[in-house]
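Some notes on the structure that comes next.
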Amino acid sequence: MFASLIGAEIVFGSSMLEGYSPLALQDPDPFKLFSKNKDMVVLNSKPWNIEAQAHLLDDKVTPNSSMFIRNNGLMPEGIDIKKWTLTIDGESVEKSKTYTLAELQSKFKQYTYQLTLECGGNGRSEFNPPAKGNQWTIGAVHCAEWTGVRLRDVLEDAGIKSNAVYIGFHAVDQHLSMDPTKEPISRGCPMPKALQDETILAFKMNGEAIPLAHGYPLRLIAGGWPASVSGKWVNRISIRNKVHDGQKMTGDAYKVPCNPVAPGEKVKEEDMCIIESMPVKSLITFPKSGAIIKEGKTLAIRGHAWAGELEVAKMEYSIDFGATWTTCEVQKPVNRLAWQHFGAQVKFPKKGYYEIWARATDARGIAQPMLLPGWNPKGYLNNACHRIAVKVS
Ligand SMILES: Nc1nc2c(c(=O)[nH]1)N[C@H]1C(S)=C(S)[C@@H](COP(=O)(O)O)O[C@H]1N2
Ligand SMILES: [Mo]
């Protein structure tokens, strides 16, 4: 059996210990496999979950090499884009319709946007009592440039009935159990989000075909919402007459208590609300934490800030553990739902150890908390301030 998987006879196979897995069948090097930077951190290999570090996210537009990977199941293999189709169906479609990739590309106008995608569980590792799941620190966020057609244009081409409430995506990745009747994830969003200009069906990322791990050949992108809404390897979108009830839409997945609860408290399903727009957050991407600078020198810091559906209105930093804050420059987003770049020239009064804390405030005046925000059973939405350590010597 092994021999056929490896494609060669295992000459001394009869001497192989029972239960031994030949090296040829062990996990390949994920950094090579996915063309990732070697500083990326692998949290899980089955399924693949890999996160970035703050300094890897310094680019204005995140390159593939620094993009986190969050898979719920096994990635599809052997995709033939000539045969790929997207079907629009559901209770609330006028007429179910199927498009080839070439049809999607020629029939509808194409748009390019930079869109921030952050996993709802980014920051989970800090929750206490801890939450099960990938222990993301700060690196499950990226802002790449996506090119595709508007979901709205495609849905309208098929026809949206007036009772439409939600859309739900379906994809071709496989459930870990290999049970073909189970989907790893099938999430969606309410119609108003589905119909936004920036909600697209993308076939290009950063100007090239989407890397397999990020959804080749077709991906739904709904920026500013938990990235779990942005279905990879999408081949079907259902227009639903009710809240989509696909895999990871029900139970407590991607939900938080509708009202705050005490850490560790059990929350009833009916008291949990589906996460929509992500909260305001920021990252210092330069310098790398641990930087050492000479006394008297000014340190130029920079990073990005984002606020779900909203814009970031203000960006500040502190070098005295939050006692005082200084406003920094923050740019407008290149388009709605793209992260915004900030920078500041930081001066230090004397030699010693410092921390630089960064705090973003959204257009409604809501700022990032300095400490962990509301505990929730699944460890979502940790948007506490990012900090880096600096030594002045
Ligand atoms: N088909 C499919 N789409 C998916 C997923 C998945 O496992 N399968 N994971 C979701 C989750 S939870 C996240 S956070 C993002 C991660 O996107 P990335 O791997 O491109 O960074 O994809 C989302 N789309
Ligand atoms: Mo996620």
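General remarks:
Every residue, every condition in (1) surrounded by fewer than 21 Cβ atoms within 10 Å (Cβ to Cβ); (2) of a type in the set (D, E, K, R), yes or no:
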position	(1), (2)
Ile284	no, no
Lys294	yes, yes
Ala323	yes, no
Gly343	yes, no
Lys347	yes, yes
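- Condition broken by Asp252, with the remaining ones in (1) in contact with a Pro (Cβ under 9 Å, 6 or more places away or on another chain); (2) without any contact (Cβ under 8 Å) to a residue 24 or more places away in the chain satisfied: (2)
- The stretch 264-286, residues that are in contact with a strand residue (DSSP E or B) (Cβ under 7 Å, 6 or more places away or on another chain) and closer than 19 Å to Tyr317 by Cα: Val280, Lys281, Ser282, Leu283, Ile284, Thr285, Phe286
- The stretch 251-263 - residue that is more than 16 Å from ligand 2 (Cβ to nearest atom) and out of contact with any strand residue (DSSP E or B) (no Cβ under 8 Å at 6 or more places or on another chain) and, of those, nearest to Pro130 (Cα to Cα): Pro263
- Glu276 being out of contact with any Pro (no Cβ under 6 Å at 6 or more places or on another chain), charged (D, E, K, R) and at pLDDT 95 or above: yes
- Residues in the stretch 242-289 that are assigned to a loop (DSSP other than H, G, I, E, B), within 16 Å of ligand 1 (Cβ to nearest atom), among the aliphatic types (A, V, I, L, M) and touching a Leu at 6+ places or on another chain (Cβ under 9 Å): Ile275, Met278.
- Among the residues of the stretch 112-134, just one is in a helix (DSSP H, G or I) and of a type in the set (Lys, Arg), namely Arg124.
- Checklist (1) within 16 Å of ligand 2 (Cβ to nearest atom); (2) under 18 Å from the mean Cα position of the chain (by Cα) applied to Thr147, failing item: (1)
- Selection count, the stretch 45-64, where residues are in contact with a helix residue (DSSP H, G or I) (Cβ under 8 Å, 6 or more places away or on another chain) and away from ligand 2 (no atom under 16 Å from the Cβ): 5
- For the stretch 175-185, the count of residues that are part of a strand (DSSP E or B) and either within 10 Å of ligand 1 (Cβ to nearest atom) or under 22 Å from Tyr380 (Cβ atoms) (or both) is zero.
- Conditions (1) surrounded by 19 or more Cβ atoms within 10 Å (Cβ to Cβ); (2) touching a helix residue (DSSP H, G or I) at 6+ places or on another chain (Cβ under 7 Å); (3) in a loop (DSSP other than H, G, I, E, B): number failed by Thr137: (1)
- When the stretch 219-262 is limited to residues that are more than 30 Å from Val154 (Cα to Cα) and in contact with a Gly (Cβ under 9 Å, 6 or more places away or on another chain), the one that is surrounded by the fewest Cβ atoms within 10 Å (Cβ to Cβ) turns out to be Pro260.
- Subset of the stretch 140-166 that is part of a loop (DSSP other than H, G, I, E, B) and not aliphatic (A, V, I, L, M) - its residue that is farthest from Glu276 (Cα to Cα): Gly159
- Residues located in the stretch 223-237, provided they are under 17 Å from Trp306 (Cα atoms) and more than 10 Å from ligand 1 (Cβ to nearest atom): Gly223, Gly224, Trp225
- The listed residue being at pLDDT 95 or above, in contact with a Cys (Cβ under 8 Å, 6 or more places away or on another chain) and among the β-branched types (Val, Ile, Thr), out of Thr85, Thr98, Thr62: Thr62
- Residue within the stretch 211-218 that is within 19 Å of Thr98 (Cα to Cα) and in contact with a Cys (Cβ under 7 Å, 6 or more places away or on another chain) present: no
- Scanning the stretch 290-315 for residues that are closer than 30 Å to Ile221 by Cβ and part of a strand (DSSP E or B) yields Ile301, Arg302, Gly303, His304, Ala305, Trp306, Ala307, Leu310, Val312, Ala313, Lys314, Met315.
- Ile366 vs. criteria surrounded by fewer than 17 Cβ atoms within 10 Å (Cβ to Cβ), within 30 Å of Met249 (Cα to Cα) and of a type in the set (A, V, I, L, M, F, W, C): yes
- Of all residues in the stretch 190-228, those that are part of a strand (DSSP E or B) and either within 13 Å of Glu145 (Cα to Cα) or within 14 Å of ligand 2 (Cβ to nearest atom) (or both) total 12.
- Condition met for Trp233 (under 29 Å from Phe31 (Cα atoms), within 16 Å of ligand 2 (Cβ to nearest atom) and touching a Ser or Thr at 6+ places or on another chain (Cβ under 8 Å)): no
The values are calculated or read from the model by the stated rules, or taken from the named source; none is laboratory data. What you are looking at is a predicted structure, and each value in this text was computed from that prediction instead of being measured. Glycine also receives a Cβ, built like all others from the backbone with ideal geometry; neighbour counts cover every protein chain displayed.
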